[in-house]
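The structure appears right after this line, and notes come after that.
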Amino acid sequence: MKVSKYNPSNADEIEQLFIKTFSDSEGRSEGEVIGSLVRDIMDTTKANDLYCFIASENDQIIGGVFFTKMIFESGVNAFILSPMATVTDHQGKGVGQKLINFALKTLKEDGVELAITYGDPDFYSKVGFGIVAENVVPAPSKLSCPEGWLAQSLVGGEIEPITGKSHCVEAFNKPEIW
């Protein structure tokens, strides 16, 4: 398996990966919603505000993960992981963990201080994320499942409370996502 940054020429294949993966697990309508979100992220997010990494095997993309800029009034350099997908028949084989670890290493090398995600604590704790309160890391919108608000410092130590409001890239500026 090879892990790398994505090439924009793979946008259609990446979109289809997310549609198929989420359709398999959550139903076709959710697959379409996530596929549309992925396309929106790729089409509307400035290059400096976006990281996308893919895992491939035999020239086929088998996993993908997006990190987009979170803007804090305090100036903390942070990115949020969302969404991510691994094709159904490769799940449970460490593809997602390898992909996230590669991404976090790259973000850290690029000076990112904080990685955030909003998802399953059991899965994301395997790659260093921990539950964080909204009064420590403010969410850009009201969270429907605050127990899924997770973060990790990429510079070591405890996560210090961040003051002020936060904002996300335009693709995530939809209350129903949160």
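The values are calculated or read from the model by the stated rules, or taken from the named source; none is laboratory data. Source: prediction; values computed, not measured. Positions of Cβ are generated from backbone atoms using ideal geometry, with glycine treated the same way; all protein chains shown enter the neighbour counts.
The conditions of being acidic (Asp, Glu), in contact with a helix residue (DSSP H, G or I) (Cβ under 9 Å, 6 or more places away or on another chain) and within 23 Å of Ser166 (Cβ to Cβ) are met by Asp40.
Considering only residues in region 1-38 that are of a type in the set (A, V, I, L, M) and not in a helix (DSSP H, G or I), the one that is surrounded by the fewest Cβ atoms within 10 Å (Cβ to Cβ) turns out to be Met1. If you go through region 39-51 and keep only what is surrounded by 17 or more Cβ atoms within 10 Å (Cβ to Cβ) and either touching a strand residue (DSSP E or B) at 6+ places or on another chain (Cβ under 8 Å) or of a type in the set (Val, Ile, Thr) (or both), you end up with Ile41, Met42, Thr45, Asp49, Leu50, Tyr51.
Residues in region 135-160 that are over 18 Å from the mean Cα position of the chain (by Cα), at pLDDT below 95 and surrounded by 12 or more Cβ atoms within 10 Å (Cβ to Cβ): Glu160 alone. Here Ile71 clears all of (1) without any contact (Cβ under 8 Å) to a residue 60 or more places away in the chain; (2) β-branched (Val, Ile, Thr); (3) under 30 Å from Glu134 (Cα atoms) except the condition numbered (1).
Applying the criterion of being in contact with an Asp or Glu (Cβ under 6 Å, 6 or more places away or on another chain) and in a strand (DSSP E or B) to the residues of region 69-115, the residue that is surrounded by the most Cβ atoms within 10 Å (Cβ to Cβ) is Lys69.
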